[in-house]
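Report on one structure; see the data block that follows.
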Amino acid sequence: MDVVVLGGRERNDPSDQKKVVEVLEGLRKKYGTTMVVFSVSCDQGIGSFVKSHCVKTMDENNRHAFKFIEAAMHVFAELPRAHMNRVYGARNSSLLKLGDEFHVFVYPDQKGTLQEFIAEAVATERPVYLYELGRPDCKLLNLIDEHGRFDRVEL
């Protein structure tokens, strides 16, 4: 089982880290040692929380409890925003091909590349789970309405 877990780079709140760990541990219980976790932008924010937990958590045999892959593209140039969107769109396409399941930490008014990723993940017809950052009691369901906005359902 290949699981993609990603979200905003600028989110560094401890409650967001707690929710990421909760999601990862739930996935580990569900899928066990067959699971591979993919993430992006692992230098800060959600990607950092994912990477840190995956590489630091050891199992009862003192081995890594998670199989983890960071999908990275390092850009060493100033490029126009449209070009950067194409670069990150290409990176995201690889995640869409690899992922059997997607867990995305979002904002209520999500826009840009992450919004496009979510729409494309939904189009794969594979499971997509959205979590609104800063609100651990709220899981976004019904994903995207006909106007491209999120429908939120309180749990």
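The values are calculated or read from the model by the stated rules, or taken from the named source; none is laboratory data. Values in this document were obtained by computation on a predicted structure and should not be read as measured data. So basically every Cβ, Gly included, is an ideal-geometry build from the backbone, and we count neighbours across all protein chains shown.
A few points about this structure:
- Set GLY8, GLY26: member being closer than 21 Å to LEU130 by Cα, touching a residue at least 24 places away in the same chain (Cβ under 8 Å) and not hydrophobic (A, V, I, L, M, F, W, C): GLY8
- Filter result (at pLDDT 90 or above and either surrounded by 16 or more Cβ atoms within 10 Å (Cβ to Cβ) or of a type in the set (Ser, Thr, Tyr) (or both)) within region 70-88: GLU70, ALA71
- Failed criterion for PHE49 (all others in (1) in contact with a Gly (Cβ under 7 Å, 6 or more places away or on another chain); (2) over 18 Å from VAL128 (Cβ atoms); (3) of a type in the set (Phe, Trp, Tyr) hold): (1)
- Candidates in region 89-100 are the residues that are at pLDDT 95 or above and not hydrophobic (A, V, I, L, M, F, W, C); of these, the one that is farthest from VAL40 (Cα to Cα) is ASP100.
- Taking the criterion of being of a type in the set (Asp, Glu) and surrounded by fewer than 16 Cβ atoms within 10 Å (Cβ to Cβ), the residues of region 10-37 that qualify are GLU10, ASP13, GLU22, GLU25.
- For GLY45, the stated conditions do not hold, so it cannot be described as surrounded by 11 or more Cβ atoms within 10 Å (Cβ to Cβ), closer than 14 Å to PHE105 by Cα, touching a residue at least 40 places away in the same chain (Cβ under 8 Å) and of a type outside the set (A, V, I, L, M, F, W, C).
- Some residue of region 51-60 being modelled with pLDDT of 95 or more, under 19 Å from ILE118 (Cβ atoms) and buried (at least 19 other Cβ atoms within 10 Å of the Cβ): no
- Just so you know, in region 40-77 the residues that are small (Gly, Ala, Ser) and not in a loop (DSSP other than H, G, I, E, B) include one that is farthest from LEU96 (Cα to Cα), and it is SER52.
- The lone exception for PHE105 - which of (1) free of Cβ contacts under 8 Å to residues at least 24 places away in the same chain; (2) not in a helix (DSSP H, G or I) it fails: (1)
- Number of the condition not met by LEU6 [criteria: (1) at pLDDT 90 or above; (2) under 26 Å from SER93 (Cβ atoms); (3) surrounded by fewer than 14 Cβ atoms within 10 Å (Cβ to Cβ)]: (3)
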